[in-house]
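All of the numbers you see were taken from the coordinates with simple rules; none came from a lab. Bear in mind that the values here come from a model prediction, so they are computed numbers and not experimental data. Glycine gets a Cβ as well: all are built from the backbone with ideal geometry, and neighbour counts include every protein chain shown.
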């Protein structure tokens, strides 16, 4: 998981084409699950209903189509990125334009949202303004920088392999914590009984389960 194991661009960007199925599956899972879903979509589901999950449910179907239909053709042709595929069908200008759009989209839209939601969660769970003595904005900025530094350090130090390994480990922990939050919430709502909690939720707020 260090730069010493990334001797070439293929090692750094493709993990030397040696990732195993569990690591690939874990990395794909965490590509579709992050603070956007854990915080943003969870809040949306509570405020409205469970229709918020439609986006992630359809993402699962898209992954199946990719694995069974598109990926075999990609691998057979030696493609590793979508811009490469577009270049083979059009030209280098299309490749550069698509790569630029991906970079801009992630840099200006996706990553800021992920960092913000993740930092807000850390801020609330750790009660950092009270713990550090900083005001809310300064504590949020400190958390943003720390989270970005840790994530960047993993990527820079070990390339795709370190990202895949950390995704798998953190993903397993994240899923366990998600189930635990749901179970603890229902236990609290049902005075020690998950079934009573579900019954109370269904009777008092039936719209939350639609």
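Summarising the label geometry, the points placed 7 Å from Cα in the beta-carbon direction at residue 195 and residue 169 lie 4.0 nm from one another. Site pair residue 20 and residue 156 shows an inter-label distance of 3.0 nm when each label is modelled 7 Å from Cα along Cα→Cβ.
Summed over qualifying helices (DSSP H, 4 residues or more, each -39500 (n - 2.57)) and divided by its residue number, the chain shows a 222 nm mean residue ellipticity of -23000 deg cm²/dmol. Considering every alpha-carbon pair of region 3-209, the percent of pairs per 5 Å bin, from zero through the bin containing the longest distance, is 1, 6, 9, 14, 17, 16, 13, 10, 6, 4, 3, 1, 0. Cβ-Cβ distance of residue 80 and residue 176, R₀ of 41 Å, FRET efficiency by 1/(1 + (r/R0)^6): the value works out to about 0.80. Structural descriptor for region 3-209: relative contact order 33 percent, calculated from alpha carbon pairs under 8 angstrom and at least 6 residues apart.
Peptides 118-125, 149-156 ranked from most to least packed by the mean count of surrounding Cβ atoms within 10 Å: 118-125, 149-156.
Modelled spin labels at residue 120 and residue 203, positioned 7 Å past Cα toward Cβ, are 3.3 nm from each other. For the chain, a Gaussian network of Cα nodes joined below 10 Å ranks 193, 162, 52 by mean-square fluctuation, and the top entry is 193.
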